[in-house]
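J.: Dumping the structure here so I can ask a few things about it.
Derivation of every value follows stated rules applied to the coordinates shown; laboratory data play no part. On a predicted model such as this, the values are computed, not experimentally measured, just so you know. Virtual Cβ from ideal backbone geometry, glycine too; neighbours counted across all protein chains shown.
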Amino acid sequence: MPMSERNNQGFVRIINGPIVTIDLPGIRSGEQVKIGELGLVGEVISLNGREATVQTYESTDGVRPGEPAEGLGWPLSVELGPGLLGGIFDGIQRPLEKIALQSGDYIRRGLALPGLDRERQWAFEPNPELEPGKPIGPGSVLGSVQETETILHKILVPPGLEGELTELAPAGDYEIEATIGHLRDRQGHSHRLKLFHRWPVRKPRPYRRRDDGISPLITGQRVIDSFFPQLKGGKGAVPGPFGAGKTVVQQQIARWSNADIVIYVGCGERGNELVDVLESFPQLEDPYTGRKLMEKTLLVANTSNMPVVAREASIYVGLTMAEYYRDMGYDVVMLADSTSRWAEALREVSGRLGQMPVEEGYPAYLSSRLAAVYERAGRVETYDAGPGSVTLIGAVSPPGGDFSEPVTSHTKDIIETFWALSKELADARHYPSIDWVTSFSAHVHAAAEWWHKEVDRRWEARRTQSLALLARDAELSRIVNLVGPEALSDAQRWQLEGAALIKEGVLQQSALDEVDTFCSPQKQFALLDLALSIYDKGMTLIELGVPVSHLQDLPQLAKARRCKSMYNSDQVASITALTRETEDAFEAIRLEYAKQHSDD
Amino acid sequence: MSIKEYRTASEVRGGLILVRDTPGVAFGDRVRISDGRGGTRDGQVIRASNEEVMILVFEGTDDLDLEAVWVRFLDEPVEIALSPEILGRELNGLGEPRDGRPPILSHIRRAVGGAAINPAARSYPREFIQTGISTIDGLNSLVRGQKLPIFSGSGLPHNRLAAQIVRQAKLKDEDSSFSIVFAAMGVSYADAKFFRDEFASSGVLRNVVMFVNLADDPPVERLTLPRTALTVAEYLAYDLDRHVLVVMTDMTYYAEALREVATAKGDVPARKGYPGYLYSDLAEIYERCGRIHERHGSITMMPVVSMPSDDITHPIPDLTGYITEGQIVLSRELHNQGIYPPVHISPSLSRLMKDGIGKDDTREDHPKVAAQLYALYARALETRNLASIIGADELSERDRRYLKFADDFDQRFVGQGEAEDRSIEATLNLAWELISAFPRDSLTRLSETELAKYYQGND
Ligand SMILES: Nc1ncnc2c1ncn2[C@@H]1O[C@H](COP(=O)(O)OP(=O)(O)O)[C@@H](O)[C@H]1O
Ligand SMILES: [Mg+2]
């Protein structure tokens, strides 16, 4: 039914928390609806005869049966254009800083504010390769504006439009609503092109094709990059009980990863965690560009006290903005903290609809929805801007820390990297508490190629050796706990010592340590090599008969543990020098020992 | 709209009443129910349509006779009257007097439901609060605007600890004290009395607002009680510029009341019968705490959560831990050894510690000292465990040092008097004393400079 003929006015029938039943024949599934005198916005989730069930993004307190309900004619969409970076938006892309100006410290209901600033002027540079008469299509780059110092924002033809460019505006300052070009489609209709367009969030944005290129996402976190690496365009999960370090892992990736754009979605988590990002990112420097981190970051916030339905939407809102920057040829990383809260929002709505729960109250479609969300990650060939990628990393908050619960277990089947956080490690303040036994990455071989070319040919061997040593450590610790340390041979004790060096000198990395919070791949390998060189050299000595007690208290061991905080990523040479120095020290012990023995 | 009155109650079950043919009643509105025998009860609309509304009755539905019930829709949300006179009062979950004094009268009335704080309006909490308790100040520091619960178990001294914190909490070098909002849900008469006497004897009563719902009071009233209490806290903090410390005990009884009502409504249960929205519901309460740009006052929150069967993975402590900014966990084992306060530091955590301590806030060595103590204690607990299997005599000299440290730490650092108010310097100095039992080279969490300045060992 065309909009004009359709009656889009109806009324409220039943209010059941955020779920409202309205009487409005002809409304479509997924359509946005304005509810009541306050004008609360919601979305149609099911239809039944004249009636529609609406999930509202705001509290329905005070709404009465009989109040008006109006169909808006479009699905939940976001605005895509310059002015997103550096901002903080709520779960349906309303700008929270503007809301604060209008409604004070608390969020008033019924505010309708567009995501993008209408007044701000942007200096538009048309694409020099375009001229009237040229064919253009979805994703064609019409020109660009400098959105922040580092990020050139490409103005794209919205997906769905194709035809001939009939007009392109000259360079100059424009507001986002200004027309910067015209396109004539095959039917001869003319369309106005602006600096922004809208896109429905539940529909993945199209691209030319998937791209199989390989490039690691460097996060500056050793246990991730060196042990369980992620690729650009990959999908990963960080499950862990409360306090294990999920948020810190995600914030560290937001701070230090080599992504061009960072989208941080606070989905049902703490308000103060977003404030932390908002207050610290404008001060912190991006290690790759030297510019302030906030210039490449945007936040989506639906904190745990904000309405639950908008929580479900927030993930899609974040993803759509991520895909948009991908379509400009950028590598985007989106962090979703926490996907469990998103799943719980699904559960809540499904429960209120009386749908049959299958496990722990979750509806049967949980796994397919989860898979569809993660499927929006990926590396693609864009229409007109080369390769781009969206890496999606979701925190998972299993109740009671039980990884067999539905959200964790379904997520585990979908993702490629699994950074499992352990309560035991966190309780012992071993951070990041990523458990090397239960974590995995499907990308080790792919990443190895990069490491071998860019950093060191021994990377994969050193990684495997460390993991083997850590596994040995677990075995030996079990023995010690049964029969005591006396039962171990010197070689076995040295293995324990070696594993401890790996744990303390390499795996542990405090986000709060100014020097160590970020670690370049070169420094990562240097530290790993230092620990293993000590272990290898020590083992040779022990095989020669040097007692382990001669080695345990060597000052070099303490140095190797402190090294990460003593030298930053520009001082890798000092670490390799320490490795050589240690080797010399061990060599001296060997000579000394050989001399003593020949004297005997 | 005029006030509507109905006799059409059609069903009563577990704290809920259904009323038929009630056009235009607003969702969330307040309701007055008369039982037909001269008594009235209060309720709230939790589902509304013209054909039928569902009402949650705060006093419960025991002894209600459907035939006799009258329902009046008051056409207003659940609200509380606010004025400075509220300090020193004792009220129930709806803000009505429990102290025999007249009701609070004021033109300022606010809906207790509150609204979400805009994250863009918050400022990050950073001001260190000295509680005088070493395990908190030294290792799990509290800052102004933080929500830091005490996870406890039945018979553990959480009330004594909460009372000690209320007595001792102050900003470093400042003795501006807190206004206290005390919210008791489902606690025993004795527990409520303990706090009332505490406040009286420490002379803070004039600065306290008490909200009390005892174990034998209607459970449904527990659902509004923390909201009413927090509405008062917000008034004190943001209208009267006070720093407010909210102590809530016991959140477990709150959650149980919520489960009771959810079951009656037929909500789909998630874990252990608790509804899936328990998380969001608790968050609505806990997230009302914090600091806001350009506001002088603040709300700091210390809820008490008793862990059913001492199980930290039980939904109530679990979901609380997912929302709050850390937790102080009490241990039965330490308590049984006579150690007070029996704080088990391993599972305890303060997420906001990082910005509230260090050079400008407490002392420059504080962050690393805390990290080092944690590392030593983790290793010491492993050693203690090993010793219990193979016997202490079998341990190496290195290990025996850890074993001794574990005991010293429990006795001297964790243990302290109920009236002992340790300054943060005293806590850090004590930490160095314990740390110095180890050789310098094994203290890799500390920097060379810190060791040079504070290390007291002999190598
Ligand atoms: N890499 C890290 N370095 C230092 N501290 C950490 C690290 N990871 C976690 N922590 C500590 O653990 C606390 C909890 O971490 P957080 O990420 O908030 O946990 P979660 O999100 O899993 O509940 C943090 O406040 C911090 O004190
Ligand atoms: Mg978190």
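J.: I want to make sure I understand the PRE zone here: with the label point 7 angstrom from the Cα of residue B:332 toward its beta carbon, which residues in the range B:294-313 have backbone N atoms less than 14 Å away?
T.: B:306-313
J.: Taking a spot 7 Å from the Cα of residue A:515 along the direction of its beta carbon, which residues of the range A:568-600 have an amide N less than 13 Å from it?
T.: Flagged as within label range: A:568-576, A:578.
J.: Something else: Can you work out ³J(HN,Hα) from phi for every residue in the range B:116-125, in order, using Karplus 6.51 cos²θ - 1.76 cosθ + 1.60 and θ = phi - 60°, giving whole Hz and x for Gly and Pro?
T.: Per-residue couplings from phi come out as 6, 5, 5, x, 6, 9, 7, 10, 6, x Hz.
J.: Expressed as a whole number of Å, what is the distance separating the alpha-carbon centroids of the range A:376-438 and the range B:25-88?
T.: 47 Å
J.: Let me ask something else about it. Quick one: B:154, A:368, fewest Cβ neighbours within 10 Å first, how do they rank? Could the numbers behind the result be given before it?
T.: Working: B:154 13, A:368 10.
Fewest-to-most Cβ neighbours within 10 Å comes out as A:368, B:154.
J.: Moving on to the next point. Run the reach check for residue A:235 against aspartates and glutamates, Cα to Cα strictly under 12 Å, same-chain hits fewer than 8 apart removed. What comes back?
T.: A:375, A:413, A:416
J.: Exceeding 19 Å between C-alpha atoms, which entries from my cross-link table qualify? They are B:359/B:453; A:453/A:559; B:172/B:354; A:246/A:412; A:98/B:354; B:368/B:453.
T.: Values: B:359/B:453 14 Å; A:453/A:559 29 Å; B:172/B:354 16 Å; A:246/A:412 16 Å; A:98/B:354 30 Å; B:368/B:453 13 Å.
Listed pairs above 19 Å: A:453/A:559; A:98/B:354.
J.: In nm, what is the difference between 0.36 nm times the number of residues separating residue A:590 and residue A:437 and their Cα-Cα distance?
T.: Working: separation 153, 0.36 × 153 = 55.08 nm, distance 3.48 nm.
Once the chain is fully extended between residue A:590 and residue A:437, it gains 51.6 nm.
J.: Related question: Using only Cα atoms, locate the centre of the range B:355-434 and the centre of the range B:149-199, then give the distance between them in Å, rounded to an integer.
T.: Each part reduced to its Cα centre gives a spacing of 26 Å.
J.: On to the next question. Considering only chain B, what is the antiparallel percent among its DSSP beta bridges, to the nearest 5? Don't jump to the answer; show the numbers that get you there.
T.: Values: 44 of 72 bridges.
Within chain B, antiparallel bridges account for around 60 percent of the total.
J.: Next question. As an exercise, identify the GluC sites (Glu not before Pro) in the range B:29-106 lying in DSSP coil whose Cβ has no more than 16 other Cβ atoms within 10 Å. Before the final figure, lay out each step's value.
T.: Details: sites: B:51, B:52, B:59, B:67, B:79, B:85, B:90; in loops: B:51, B:59, B:67.
Filter output for the range B:29-106: B:51, B:67.
J.: Helix A:555-566 versus the longest principal axis of chain A: what is the Cα-based angle in degrees, 0 to 90, to the nearest 10?
T.: Taking the Cα atoms of chain A, the angle to A:555-566 is about 20 degrees.
J.: Still on this structure: Any chance you could give the angle, 0 to 90 degrees and rounded to 10, that helix A:271-280 forms with the longest Cα principal axis of chain A?
T.: Around 70 degrees separate the two axes.
J.: Also, quick follow-up: In the range A:118-175, which GluC sites (Glu not before Pro) are in a loop and have at most 16 other Cβ atoms within 10 Å, using DSSP for the loop call?
T.: Those satisfying the criteria are A:119, A:129, A:149, A:162, A:175.
J.: Considering amide H positions built from the backbone, and no H for Pro or chain starts, which residues 5 or more places from residue B:143, or on another chain, come under 5 Å of its amide H?
T.: Hits under the 5 Å cutoff: B:129.
J.: Going by how many other beta carbons lie within 10 Å of each one, how would you line up B:147, A:537, fewest first? Before the final figure, lay out each step's value.
T.: Working: B:147 29, A:537 21.
With the fewest neighbours first, B:147, A:537 line up as A:537, B:147.
J.: I'd like the antiparallel share, as a percent to the nearest 5, of DSSP beta bridges with both residues in the protein assembly as shown.
T.: Restricted to the protein assembly as shown, the bridges split so that about 65 percent are antiparallel.
J.: If one computes the Cα centroid of the range A:553-570 and of the range A:95-164, what distance in Å separates the two points?
T.: The distance from the Cα centre of the range A:553-570 to that of the range A:95-164 comes to 49 Å.
J.: Follow-up question, since we're still on this one. Sorting B:289, A:563 on the 10 Å Cβ count, fewest up front, what's the list? Kindly include the intermediate steps, with their values, before the conclusion.
T.: Working: B:289 29, A:563 24.
Starting with the residue having the fewest Cβ neighbours, the order is A:563, B:289.
J.: Relative contact order for the range A:98-189: what is it in percent, counting Cα pairs under 8 Å that are at least 6 residues apart? The partial results should precede the final answer.
T.: Numbers: 155 pairs, mean separation 26.2, N = 92.
For the range A:98-189, the relative contact order is 29 percent.
J.: Also, I was wondering about something else. Would you calculate, for the protein assembly as shown, the mean residue ellipticity at 222 nm contributed by helices, counting each DSSP H stretch of 4 or more residues as -39,500 (n - 2.57) and dividing by all residues, to the nearest 500? Present the calculation step by step, with values, prior to reporting the outcome.
T.: Numbers: 27 runs with 335 residues, N = 1059.
Only helices count here, giving -10000 deg cm²/dmol.
J.: Write out the trypsin sites (Lys or Arg not before Pro) in the range B:378-427 meeting two conditions: DSSP loop, and at most 13 other Cβ atoms within 10 Å of their Cβ. All intermediate terms of the calculation are to be shown ahead of the outcome.
T.: Values: sites: B:379, B:384, B:398, B:400, B:401, B:404, B:412, B:422; in loops: B:422.
Listed in order of number, the matching sites amount to none.
J.: May I ask for the angle, rounded to the nearest 10°, between helix A:572-599 and the longest principal axis of chain A, with both axes built from Cα atoms and the value confined to 0 to 90°?
T.: 20 degrees
J.: Within the range A:468-508, which residues have the backbone N less than 12 Å from the label spot 7 Å out from residue B:394 along Cα→beta-carbon, could you tell me?
T.: A:479-488
J.: Name the residues whose placed amide hydrogens come within less than 5 Å of the amide hydrogen of residue A:106, ignoring near sequence neighbours (fewer than 5 apart) on the same chain.
T.: The answer is B:118.
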